[in-house]
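Here is the structure we will look at.
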Amino acid sequence: MTSIGKEPFGSHDGKTVDLYTLTSTDGATVKISSYGGTITSWTAPDRSGKQADIVLGFKNLAGYTSPAYLATSPYFGALIGRYGNRIGGARFSLNGVEYQLAANEGPNNLHGGPRGFDKRVWDGADEAVGDDAALTLEYVSPAGEEGFPGKLSTTVVYTLQSGGVLRIDYSATTDRTTIVNLTQHTYFNLAGEGNGDILGTELEINASRFTPVDANLIATGELRSVEGTPFDFRRATAIGARVNQKDQQLGYGHGYDHNFVIDRGSEMGLVLAARAYEPVSGRVLEVFTTEPGVQLYDGNLLDGSLVGKSGKPYTHRSGFCLETQHYPDSPNKPGFPSVTLERGETYATTTVFKFSVR
């Protein structure tokens, strides 16, 4: 039956950190830490029914707070905020006021800054309702945190449903005009975490355009066609098939670390953003979202220096991310969809991860 349990996971900044285990009626499990809202473990069956953990992470809190981890900041499984992805020059203007943010990737603000939502302890509440197990996490970001204006009150609800479905509902309110762009940064390896690279995983992305970037990995503001480029995943293609093709006209970056513009037409609700298939295990991951974009990251900065929960090092491209989001550097790109949140409004977005086999 559906269940949700809680156990101690350590402490951070003088606060108790809990680890929640969500179990669905069909035996799938997802473990989530209140530190960073981090998905630490996620089991899914292969085509023969054998369960395996298919996300990168650590067995204990120390793995996520160690100097080695913080030096590389891969954001394994974490909730990202206030702003997922990059803001160029770590600054933006809002209503005629320029805000200087904390820079933590060269000149840029990446994923909310050096102490973003991924490094905060969230308040958690759990419940089991019918066939679903739900975890509600809340965090209040004070005005000025990492340089962002306004107090932001954020709620994220993880709901594990039968049939291999994890739904994530994000919401936020502010007491002053601000910007917000929340996402989830889980690294998947559908063959099982620590079980080699992900280059053979076949990927489809429902996008005919992407946002190219400059030498600082900041979006140029262009929405460019994927036609004839290594970014064309409209048909299932192995991640590794064209990953090493380099052409500055198509966007800088070593491998894939790019935002794709989801083809949604007039549909405003959940639409398919991407589908990944691992041919050896038969596992299939589908991602649905209300967001306009999805970032494909192929783990190209993983270098084997971090050892995961199975005792194996996380080597180059041993996991991939599909981060649903608004576009990178949107506050500085008037042509991109707005990320501004006004007082009295509610930011609300949903992403669904669904597993199956074939």
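Bear in mind these aren't lab numbers, they're just calculated from the coordinates by the rules spelled out. Only a predicted model underlies this, so the values are computations on that prediction, with no experimental measurement involved. No Cβ is skipped: glycine too gets one built from the backbone with ideal geometry, and neighbour counts run over all protein chains shown.
Quick notes on this one:
- The stretch 41-67 residues near the modelled Val357 label - backbone nitrogen below 18 Å, point 7 Å along Cα→Cβ: 42-55
- Computed 3J(HN,Hα) for the stretch 345-358, one whole-Hz value per residue from the Karplus formula 6.51 cos²θ - 1.76 cosθ + 1.60 where θ = phi - 60°, is 9, 10, 6, 8, 8, 9, 10, 10, 9, 10, 9, 8, 9, 8, glycine and proline marked x.
- Dipole magnitude (debye, nearest 20) for the chain, charges at Cβ of Lys, Arg, Asp, Glu: 400 debye
- Note on Val157 and Glu105: their simple-model spin labels are 3.1 nm apart, each label 7 Å out from Cα toward Cβ.
- Computed label-point distance, nm, for sites Thr346 and Ser11 using a 7 Å Cα→Cβ extension: 3.6 nm
- Karplus-derived 3J(HN,Hα) values for the stretch 278-284, using 6.51 cos²θ - 1.76 cosθ + 1.60 with θ = phi - 60°, are 9, x, 6, 7, x, 6, 10 Hz; glycine and proline are entered as x.
- If the chain linking Glu98 and Val307 were pulled fully straight, counting 0.36 nm for each residue of separation and taking away their Cα-Cα distance, it would gain 71.1 nm.
- Candidates Asp26, Asp298, Asp118: whichever shows maximal mean-square fluctuation once the chain is modelled as a Gaussian network with Cα springs under 10 Å: Asp26
- Viscosity 1.002 mPa s, temperature 20 °C, Stokes-Einstein D of the chain from Kirkwood C-alpha radius, µm²/s: 105 µm²/s
- Karplus-derived HN-Hα couplings along the stretch 14-25 (A = 6.51, B = -1.76, C = 1.60, θ = phi - 60°), whole Hz, x at Gly and Pro: x, 10, 6, 10, 10, 10, 9, 10, 9, 10, 8, 5
- From helices alone, the chain scores -500 deg cm²/dmol at 222 nm; the rule is -39500 (n - 2.57) for each run of n ≥ 4 DSSP H residues, then divide by the residue total.
- Computed label-point distance, nm, for sites Val271 and Thr315 using a 7 Å Cα→Cβ extension: 3.9 nm
- Note on the chain: with a GNM built from Cα contacts shorter than 10 Å, the maximum mean-square fluctuation among Lys31, Lys312, Lys119 falls on Lys312.
- Stretch gain in nm, segment Asp263-Asn60, where the contour uses 0.36 nm per residue and the Cα spacing is subtracted: 69.2 nm
- Taken over the chain, lysine pairs spaced eight or more positions apart, or on distinct chains, with alpha carbons under 14 Å apart number 6.
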